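See structure below.
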């Protein structure tokens, strides 16, 4: 895996911002007991762009902090998908 340069980190920030914005805009269906997140469509980008792995993970953390469950949401629910994508 190559080192990340500035353009890669910009793409990471764009994925994180896009995931967070989509989750917050559709908050009524994103934060209840049955979560339907339209922003999860960005998970397909993980297979195409390595920057998407970190971007979607940061977006998950930011969106999780915005939602109602706080620390529990991003430590237990959001770290597991990150570890699964890193294994790929």
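Below are the figures for this structure:
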item	result
Conditions (1) in a helix (DSSP H, G or I); (2) within 24 Å of residue 4 (Cα to Cα); (3) at pLDDT below 90: number failed by residue 49	(1)
Residue satisfying condition, being assigned to a loop (DSSP other than H, G, I, E, B) and either closer than 21 Å to residue 3 by Cβ or modelled with pLDDT under 90 (or both), within set 60, 69	69
Complete set of residues in segment 12-29 that are more than 13 Å from the chain's Cα centre (by Cα) and either surrounded by 15 or more Cβ atoms within 10 Å (Cβ to Cβ) or assigned to a helix (DSSP H, G or I) (or both)	25, 27, 28, 29
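The values are calculated or read from the model by the stated rules, or taken from the named source; none is laboratory data. Just so it is clear, the structure is predicted and the values come from calculations on it, not from any experiment. Glycine also receives a Cβ, built like all others from the backbone with ideal geometry; neighbour counts cover every protein chain displayed.
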